[in-house]
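Asks: The structure follows.
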Amino acid sequence: MSRVGKNPISLPQGVEIKTSGDTITVKGSKGELSQKLSDGIGITVEDGTVQMTRVNDSKSQKALHGLYRALVNNMVVGVSQGYTIRQEVVGVGYKASNEGNILELNLGYSHNIFLEVPKEIKVSTETVKGKNPLIILEGIDKQLIGQVASKIRSLRKPEPYKGKGIRFEGETIRRKAGKSAAKK
């Protein structure tokens, strides 16, 4: 039984949901998102809450029931509050800067890396003396912002010996001991 799918989604003030055929559109103060629903998954909106329904209790329908409830909830949160991901660039000489939606990263390679961030996401960088540079991503689409953050992290993953690389703010990296001196 899907426990997630049965939970109702409460709509914050100023968020409205429209359905047309098998497409659901969520509109709020930050923007508008739409999602196509699978066959057998329905949606009912009443009294400021949204309830997801399914046609039968097959295993695949139960899985889709919970999935689409989570997707719609992410859309509601995105258009009302938005999502923010903060990443640290850790390493001597590592730098991050941006011009508009072009992110320039100096990660210890022989060349700088230029990454074009989708226009739906606002990117900014923060450099404070004595602290690691920060990359701040803001947007309304949770899936897209997570995908972009993952792409940025993949350019230089944190390594376990010195901890250098791009990591999420507050993330802890398991550190390994280096080579031990040879015992005689």
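Here's the yes/no breakdown for (1) open to solvent by 60 Å² or more (accessible area, probe 1.4 Å); (2) within 21 Å of the chain's Cα centre (by Cα):
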site	(1), (2)
His65	no, no
Val89	no, yes
Ile113	no, no
Lys119	yes, yes
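Asks: Continuing with the same structure: For residues that are farther than 30 Å from Gln35 by Cα and either among the hydroxyl-bearing types (Ser, Thr, Tyr) or under 12 Å from the mean Cα position of the chain (by Cα) (or both), tally how many sit in the range 138-184.
Replies: Of the residues in that region, 3 qualify.
Asks: Within the range 129-184, how many residues are in contact (Cβ under 8 Å) with a residue 40 or more places away in the chain, within 20 Å of Gly82 (Cα to Cα) and of a type outside the set (A, V, I, L, M, F, W, C)?
Replies: 7
Asks: I've got another one for you. Within the range 38-48, track down each residue that is open to solvent by 70 Å² or more (accessible area, probe 1.4 Å) and closer than 16 Å to Asn7 by Cα. Before the answer, list the steps.
Replies: Of all residues in the range 38-48, those open to solvent by 70 Å² or more (accessible area, probe 1.4 Å) come to 39, 45-47.
Those that are open to solvent by 70 Å² or more (accessible area, probe 1.4 Å) and closer than 16 Å to Asn7 by Cα: Val45, Glu46, Asp47.
Asks: Scan the range 76-84 and give yes if some residue there is open to solvent by 50 Å² or more (accessible area, probe 1.4 Å) and farther than 28 Å from Leu11 by Cβ, otherwise no. Explain how you work it out, then say what you get.
Replies: So the first thing to find is which residues in the range 76-84 are open to solvent by 50 Å² or more (accessible area, probe 1.4 Å), and the list is 81, 84.
Pick out the ones that are also farther than 28 Å from Leu11 by Cβ and you get none.
Within the range 76-84, none of the residues are open to solvent by 50 Å² or more (accessible area, probe 1.4 Å) and farther than 28 Å from Leu11 by Cβ.
Asks: Test of understanding: among Gln35, Gln51, which residue is in contact with a helix residue (DSSP H, G or I) (Cβ under 8 Å, 6 or more places away or on another chain), assigned to a strand (DSSP E or B) and open to solvent by less than 70 Å² (accessible area, probe 1.4 Å)? Break it down into steps so the answer makes sense when it comes.
Replies: Working: Gln51 fails: in contact with a helix residue (DSSP H, G or I) (Cβ under 8 Å, 6 or more places away or on another chain).
The match here is Gln35.
Asks: Going through Val15, Val4, Val45 one at a time, which residue ends up being of a type in the set (A, V, I, L, M, F, W, C) and more than 21 Å from Gln143 (Cβ to Cβ)? Reasoning before the result, please.
Replies: Working: Val15 fails: more than 21 Å from Gln143 (Cβ to Cβ); Val4 fails: more than 21 Å from Gln143 (Cβ to Cβ).
Val45 is the lone residue from the list that is of a type in the set (A, V, I, L, M, F, W, C) and more than 21 Å from Gln143 (Cβ to Cβ).
Asks: Looking at (1) of a type in the set (D, E, K, R); (2) crowded, with 20+ Cβ neighbours inside 10 Å; (3) out of contact with any helix residue (DSSP H, G or I) (no Cβ under 8 Å at 6 or more places or on another chain), which is the only condition Asp141 fails?
Replies: (3)
Asks: If you don't mind, another one. Give all pairs with beta carbons closer than 6 Å in which a residue from the range 56-83 that is touching a residue at least 40 places away in the same chain (Cβ under 8 Å) meets a residue that is hydroxyl-bearing (Ser, Thr, Tyr); count only pairs at least 6 apart in sequence or on separate chains.
Replies: If the second residue must be hydroxyl-bearing (Ser, Thr, Tyr), the pairs left are Lys62/Ser2; His65/Ser2; Gly66/Ser2.
Asks: Only one of these conditions is not met by Ile152: (1) open to solvent by 40 Å² or more (accessible area, probe 1.4 Å); (2) more than 30 Å from Val45 (Cα to Cα); (3) out of contact with any Ser or Thr (no Cβ under 8 Å at 6 or more places or on another chain). Which number is it?
Replies: Going through the list (1) open to solvent by 40 Å² or more (accessible area, probe 1.4 Å); (2) more than 30 Å from Val45 (Cα to Cα); (3) out of contact with any Ser or Thr (no Cβ under 8 Å at 6 or more places or on another chain), Ile152 breaks only (1).
Asks: Also: Can you name the condition, by its number, that Tyr94 falls short on among (1) open to solvent by 60 Å² or more (accessible area, probe 1.4 Å); (2) closer than 17 Å to Glu169 by Cβ?
Replies: (1)
Asks: On to the next question. Quick one: which residue in Lys27, Lys36 is touching a residue at least 24 places away in the same chain (Cβ under 8 Å) and either out of contact with any Asp or Glu (no Cβ under 8 Å at 6 or more places or on another chain) or of a type outside the set (Gly, Ala, Ser) (or both)? Outline the logic, then answer.
Replies: Values: Lys36 fails: touching a residue at least 24 places away in the same chain (Cβ under 8 Å).
Result: Lys27 is the single residue among Lys27, Lys36 that is touching a residue at least 24 places away in the same chain (Cβ under 8 Å) and either out of contact with any Asp or Glu (no Cβ under 8 Å at 6 or more places or on another chain) or of a type outside the set (Gly, Ala, Ser) (or both).
The values are calculated or read from the model by the stated rules, or taken from the named source; none is laboratory data. This is a predicted model, so every value here is computed, not measured. Here Cβ is always computed from backbone atoms with ideal geometry, including for glycine, and neighbour counts include all displayed protein chains. Each accessible area value is taken on the protein alone, full model and side chains, heavy atoms only, with ligands, DNA and RNA left out. Shrake-Rupley method; radii C 1.70, N 1.55, O 1.52, S 1.80 Å.
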